[in-house]
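The values are calculated or read from the model by the stated rules, or taken from the named source; none is laboratory data. Please read all numbers here as calculations on a predicted model, not as lab measurements. FYI the Cβ positions are ideal-geometry reconstructions off the backbone, even for glycines, and counts take in every protein chain you see. All accessible areas refer to the heavy atoms of the entire protein, side chains included, with ligands and DNA or RNA removed. Shrake-Rupley method; radii C 1.70, N 1.55, O 1.52, S 1.80 Å.
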Number of protein chains: 2
Amino acid sequence: MPAKGVLVAVTADVVIAGGGVIGTAIAWRAAAAGLDVVLADPAYGDAASLVAAGMLAPVSEALFGEGALLRVNLLALARFPSFAAELEQVTGHRVGLRREGTLAVAFDAGDYAALTRLTAFRRSAGLEAEELDSRACRKLESFLTPDVHGGVLFPGDWSVDNRRYAAALREAAASAGVRVVRDRVTAVLTAGGADARVRGVALAESSEIGSDRVVVAAGSWSGAVHGLPAGLRSAVRPVKGQLLRLRHPDGMPPVLTHTIRATVRGADVYLVPRADGEVIVGATQEERGPDLTVTAGAVHDLLHDAMSVLPVTSELILAETCAGLRPGTPDNGPIVGDAGPGGLLLATGHYRNGILMSAATADAAVACLTGRAPAPEWEPFGPGRFLTRQGER
Amino acid sequence: MPAKGVLVAVTADVVIAGGGVIGTAIAWRAAAAGLDVVLADPAYGDAASLVAAGMLAPVSEALFGEGALLRVNLLALARFPSFAAELEQVTGHRVGLRREGTLAVAFDAGDYAALTRLTAFRRSAGLEAEELDSRACRKLESFLTPDVHGGVLFPGDWSVDNRRYAAALREAAASAGVRVVRDRVTAVLTAGGADARVRGVALAESSEIGSDRVVVAAGSWSGAVHGLPAGLRSAVRPVKGQLLRLRHPDGMPPVLTHTIRATVRGADVYLVPRADGEVIVGATQEERGPDLTVTAGAVHDLLHDAMSVLPVTSELILAETCAGLRPGTPDNGPIVGDAGPGGLLLATGHYRNGILMSAATADAAVACLTGRAPAPEWEPFGPGRFLTRQGER
């Protein structure tokens, strides 16, 4: 990897700003498609993607009525397994895809009614769902609290080990010839007047990189890149999430097989088991700007809620507490597609579904970069919807 | 500091096994008294002393009737300020001694009755105590929960920043000429038959050290040293304690001035403010052997109890979770004094009061090492009480 400050007159077919799962997936696939790719990230390997549970769940409570978002999530889910399989084949590493499904549980009749409405919505989208009484829930997960009223098994809601997945993406990108610059893209540079086109990027600490195509995939930091069209810089905001990584003590058999979701005290909590004995507990949703502190109250609430669902959680080791920033948008949808000036592509704003959407986003971005049209499911999620000047849409 | 394996034919006036606050305090004072001291610890600077709240409180609920232990604690408390002042003078560093006192609060009439009994006991020992109603408690600490029933202020129960204190001790020891060997003492070596005397120590990874005086100050690990008289190796057991280090977010004024103690759900919880904006929350007491894992249940309970006492705790940053091992003994008293074979001194088993007792223990140990008698308060705490063979007492 080149040291800072020694890059002179670097050029590339495409520069990608941001090395989370979105940027790295695009970099890998673009390089595999024959493009010469430079990825710039000051903290490559330390993105928001590391603070994630890795749930591959196309439908959540928030999605009633968001039909377009559901369709792109379903596209993403359908694409994920083959993408992950290729990634595993290329790198020789497992990414920890778990297909046991997700068990959503309810603690009272009101919770259960809400779950039933969600189930009907999911079925209308063609997703499998199986209603279970309390006993059947506890047969699936024997450590579940006896207080559970009932639940629904979603066999198609999987999970992936986000850290293994991100590491495999970085390895695949490197194998495909992606060059990484550990620096921050400060601006997209353009040439020409009314019909301006991208000519490269400016970096915070090293020289410019010349390129006639630039992908901004900087998650919550996307708005910090100068040169984006008006409206887009303010379209992405950080939504803080805190989560916990628990670990089984030596010798304790796994306490969990399925991902479990529940609503406790009005807040969603999920517990996601990993193949290596970890259990992820998440997550808060906080509008606090770019704040990455881990707070006593959030850790308390997550532990409390996890122990309410699965009391044995109290015996697990608290291995890590962490906070990350989801890139949220005004309509909760991602921003993927070409934006003016010519040659500029955005792939950001994936909010809670960055891992899920990464494979399909890479497909869409590579289509744009190679002059093909992305899948029609992406059409509603172009950058144009957030442009503020009239006539540009 | 010498590298492992290169120590050949090292000798010293005294070898100290263990570099926590007890061993380091003894090393400093012994070197200051003119002795040539080697301190051996494989993890010097990383002792149980780091996982402590640093409360200087001679009386706790457990001490009813333990008159001898109270007397030695009072001796230790009286000695601490001058010892700390000398340490600050020698090193030029503050150790964070806080003299605001401790506020013990009660949540109901039963709690308050228990607190009243404790107060009477403390007064009988000559310690100050001031009963306060709920309003007076909240006047002292404005963030205290309104649920508090009443409390007692103990102006003489102070605290010290255990990490600053331990670091200052290490610096003072180094300045006084103490040599540190980063290795573990595996055995006390003796010479002679029936009238055996110490001739040095064996180390795990380097050569022996020759010395006719050895101090075992290895806390919970003291029993791992071969060559101790029968009975003493099993006299010290680890009592696990988990605690939290909270920190104020930037710009938040301090939420706490006094140490606060309370009983929540039958468990003692304390919150100890530090000069640098930390708040320590402790601590569990667990009989789990040498287990240093941080568990989800313990962190939950500590956070819950802290938030019950001081709700604003939820806004603080959870900076660190940690676990340590207190060296407990069958009668909760320390083991300080000469043991057979001749030249062997023990200074261990300080249980919950290692920081408090460190200064007075150093005095007692240096007295023994220089042929003087320690203060009479130490008489009940000699190693002889745990010897198992008849006729040795």
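Remarks
- The range A:302-391 shape via C-alpha gyration tensor axes, a/c threshold 1.5: prolate
- Probe 1.4 Å, accessible area per residue of the range B:32-171, Å²: 42 Å²
- Sorted peptide list for A:327-339, A:283-295, criterion being average Cβ within 10 angstrom, highest first: A:327-339, A:283-295
- In terms of its alpha-carbon gyration tensor, the protein assembly as shown comes out prolate; a/c meets the 1.5 threshold, and the first ratio a/b outweighs b/c.
- For chain A, the relative contact order works out to 23 percent when only alpha carbon pairs closer than 8 Å and six or more residues apart are counted.
- Looking at chain B, the DSSP beta bridges with both ends there are about 70 percent antiparallel.
- When both the range A:230-282 and the range A:313-349 are represented by their alpha-carbon centers, they are found 15 Å apart.
- Expressed to the nearest 5 percent, the antiparallel share of DSSP beta bridges inside the range B:182-237 is 90 percent.
- Over the protein assembly as shown, DSSP H runs of length four or greater, each weighted -39,500 (n - 2.57), average out per residue to a 222 nm ellipticity of -8500 deg cm²/dmol.
- Taking Cα centre as origin and charging only the Cβ of basic (Lys, Arg, +1) and acidic (Asp, Glu, -1) residues, the dipole magnitude of the range B:298-393 rounds to 420 debye.
- Exposure ranking of B:H248, B:H149 by accessible area [1.4 Å probe, largest first]: B:H149, B:H248
- For A:M252, solvent-accessible area (1.4 Å; no DNA, RNA or ligand), Å²: 60 Å²
- The range B:29-106: chymotrypsin sites (Phe, Trp or Tyr not before Pro) in DSSP coil with no more than 15 other Cβ atoms inside 10 Å: B:F64
- Other copies of B:T11: label-to-label distances in nm, shortest first, labels 7 Å along the beta-carbon direction: 7.7
- Among B:E130, B:E141, B:E205, B:E278, the order of accessible area from largest down is B:E205, B:E130, B:E278, B:E141, computed with a 1.4 Å probe on protein heavy atoms.
- Cα gyration tensor, the range B:156-252 - rounded (a/c under 1.5), prolate or oblate: prolate
- Remark: label point of A:P330 defined 7 Å out from Cα along the Cα-Cβ vector; separations to the same position in other copies 7.6 nm, ascending.
- Of the solvent-accessible surface of the range A:37-97, computed with a 1.4 Å probe and all protein chains present, 55% belongs to carbon and sulfur.
- At 7 Å out from Cα toward Cβ: B:A194 inter-copy label distances (nm, ascending): 11.5
- Summed buried accessible surface, chains A and B, 1.4 Å probe, nearest 100 Å²: 1400 Å²
- The distance linking the range B:170-202 with the range B:99-166 is 42 Å (Cα centroid to Cα centroid, whole angstrom).
- Antiparallel bridges, percent of DSSP beta bridges restricted to the protein assembly as shown (to nearest 5): 70 percent
- A simple charge model with +1 on the Cβ of Lys and Arg, -1 on the Cβ of Asp and Glu and nothing else charged puts the dipole of the protein assembly as shown at about 760 debye relative to its Cα centre.
- Taking amide H as placed 1.01 Å from N in the peptide plane, the amide H of B:L189 sits under 5 Å from that of B:R199, B:G200, B:V201, B:A202, each at least 5 places away or on another chain.
- A:I16 exposes around 0 Å² of accessible area when a 1.4 Å probe is run over every protein chain in place.
- Averaged over B:306-319, number of beta-carbon atoms from partner chains that fall within 10 Å: 3
- Accessible carbon and sulfur surface of the range B:258-341 relative to its total accessible area, %, 1.4 Å: 51 percent
- Under 5 Å between amide hydrogens, built in the peptide plane, is the criterion, and for A:V180 it picks out A:L39 among residues at least 5 positions away or on other chains.
- Rounded to whole numbers, the Karplus 3J(HN,Hα) couplings from phi for the range A:259-276 are 5, 10, 10, 8, 10, 10, 6, x, 10, 6, 10, 9, 10, 10, x, 10, 4, 8 Hz, using 6.51 cos²θ - 1.76 cosθ + 1.60 with θ = phi - 60°, and x at Gly and Pro.
- Sites matching GluC sites (Glu not before Pro) across the range A:297-393 that sit in DSSP coil, with at most 14 neighbouring C-beta atoms within 10 Å: A:E392
- Across the range A:231-241, rounded Karplus estimates of 3J(HN,Hα) from the backbone phi angles (6.51 cos²θ - 1.76 cosθ + 1.60, θ = phi - 60°) give x, 6, 5, 9, 6, 10, 10, x, 10, 5, x Hz, Gly and Pro being marked x.
- Long-range HN-HN contacts of A:D36 with modeled amide H, under 5 Å: A:D13, A:V14
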